[in-house]
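Input: a single structure, listed below in structure tokens.
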Amino acid sequence: MHPKIKEFSERKIIGITTTIIRDEQHKIRTLWQQFMPRKHEIQSLTSQELIAMQIFRLNENGTPREAFEIWACAEVMDFDNIPNHMKAYTIISGTYAMFPHKGMDAGSTYEKIMSEWLPTSGYEIDHRPHFQVMGEKYKNGCTDSEEDFYVPVRLIKN
């Protein structure tokens, strides 16, 4: 695994959120089913890309410690018009390791990032949101679907 290490300035997002625990993966689909018909209500989109975001803390083995927040959202230029029953969030600036992902087994890719790449990378997880960007090559449910995983990292201080 050879990610691109990228510095990001802050990003503003608007979307729908819920809290899940590890075994509630079915809530992810429900969240997107609620968001997609309403995406058009969001003004000042920066692009047509979708963002799936997770806010959680990890155990040493890469699994979430507790219930965590998930978002179905899109990036915006400003928070001037937030649709009813949607929320706004600012992802603060920082370093991210970007991993291209192909297919529908996101769990396997994420597990490899945490168990194979991270331990020998010289980086550790930073306590900022993790997110996936689904652009033009994203095809929900298709084995040739492509998206990018963004993992917040910081250099390990010796």
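Just so it is clear, none of the values below were taken in a lab; they were calculated from the coordinates. Model, not experiment: these values are computed from the prediction. All Cβ positions, glycine included, derive from the backbone under ideal geometry; neighbour counts span all protein chains shown.
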Residue-normalised 222 nm signal for the chain, counting each DSSP H run of n ≥ 4 as -39,500 (n - 2.57), nearest 500 deg cm²/dmol, is -3500 deg cm²/dmol
So for R0 = 41 Å, FRET eff. of TRP32-ASN158 from the Cβ-Cβ r, to 0.05, ends up at 0.45
To the nearest 10 degrees, the tilt of helix 26-35 (Cα long axis) against the first principal axis of the alpha carbons of the chain is 40 degrees
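Take every Cα pair under 8 Å in the chain that's 6+ residues apart, average their separations, divide by the length, and report that relative contact order as a whole percent. Walk me through the numbers on the way to the answer.
Working: 308 pairs, mean separation 48.4, N = 158.
Once normalised by length, the contact order is 31 percent.
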Any chymotrypsin sites (Phe, Trp or Tyr not before Pro) in the stretch 28-129 that lie in a DSSP loop and have at most 10 other Cβ atoms within 10 Å would be none
Placing one equal point scatterer on each C-alpha of the stretch 88-158 and summing with Debye, one gets log10 I(q)/I(0) at q = 0.13, 0.23 Å⁻¹ equal to -0.42, -1.05
P(r) over all Cα-Cα pairs of the stretch 1-92, 10 Å bins from 0 to the longest distance, whole percent per bin, short to long, reads 15, 42, 33, 10, 0
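Suppose every K and R has +1 on its Cβ and every D and E has -1 on its Cβ; what is the size of the dipole of the chain about the Cα centre, in Debye to the nearest 20? Walk me through the numbers before you get to the answer.
Numbers: 19 positive and 22 negative charges, 22 e Å.
Here the chain has a charge dipole of around 100 debye.
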Farthest towards the positive end of the dipole of the stretch 73-112, among SER108, ILE92, ASN81 and with Cβ unit charges of +1 on Lys and Arg and -1 on Asp and Glu, lies the Cα of SER108
Kirkwood-based Rg/Rh on the Cα set of the chain evaluates to 0.95
